[in-house]
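This report refers to the structure that appears directly beneath it.
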Amino acid sequence: MTHGMRADTYSPRPDGDGDLRDRASRYALLPLRIFLGVTFVYAGLDKLTDSAFLKDSGAGSIGDMMRAVRDSSAIPGLVDMALESPVGFGYAIAFGELAVGIGALLGLFTRIAALGGALISLSLWLTVSWAADPYYYGNDLPYLMGWIPLILAGAPLLSVDAVLRARRRRGVA
């Protein structure tokens, strides 16, 4: 079997003009950005409004959850650190998710927000969902992978970042 270069490969036009295919490729990350942004805003608000979650102990508390996953996590030291102040850790995760979600939705410092989302997802994967067997039953790993394209590409369209970038270009020109 021979392999060679395909003559019909596609790359979007750099000037941004073109057909439906060009426009679709420019907006390809927008659904991912909206999904992750809405999900993380919801997750942060859910934690902040759940009276049981932000407690040291009791059913549904962050403290009991951390104690339950400590021995099965990939990095027990990370769980131990969270257990020093479970309520503070719960607030940090909730406000972190909220900030990341808002940043993704607005497209404000998108790469930094996406990096924050990836780090939250990574820490939750290595602690809370690490013991999921098989691994794909854990939900934190797909979120981690979902943030990577936004770390790489940012939010080039329909974002505060794009407006700021255009404003800088006008100021330079």
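Here is a check on your reading of the model: is ASP22 acidic (Asp, Glu), part of a loop (DSSP other than H, G, I, E, B) and at pLDDT below 95?
no
How many of the residues in region 66-80 are part of a helix (DSSP H, G or I) and within 20 Å of GLY117 (Cβ to Cβ)?
Looking only at that region, the number is 1.
Evaluate region 58-68: report whether one residue or more is open to solvent by 80 Å² or more (accessible area, probe 1.4 Å) and either touching a helix residue (DSSP H, G or I) at 6+ places or on another chain (Cβ under 8 Å) or at pLDDT 95 or above (or both).
Among the residues of region 58-68, at least one is open to solvent by 80 Å² or more (accessible area, probe 1.4 Å) and either touching a helix residue (DSSP H, G or I) at 6+ places or on another chain (Cβ under 8 Å) or at pLDDT 95 or above (or both), which makes the answer yes.
Taking region 153-164, which residues are in contact with a helix residue (DSSP H, G or I) (Cβ under 8 Å, 6 or more places away or on another chain) and open to solvent by 20 Å² or more (accessible area, probe 1.4 Å)?
PRO156, LEU157, LEU158, VAL160, ASP161
The values are calculated or read from the model by the stated rules, or taken from the named source; none is laboratory data. None of these values were measured; they are calculated from a predicted model. We place every Cβ from the backbone using ideal geometry, glycine too, and count neighbours over all the protein chains shown. Just the protein is used for accessible areas: all its heavy atoms, side chains included, with ligands, DNA and RNA removed. Shrake-Rupley method; radii C 1.70, N 1.55, O 1.52, S 1.80 Å.
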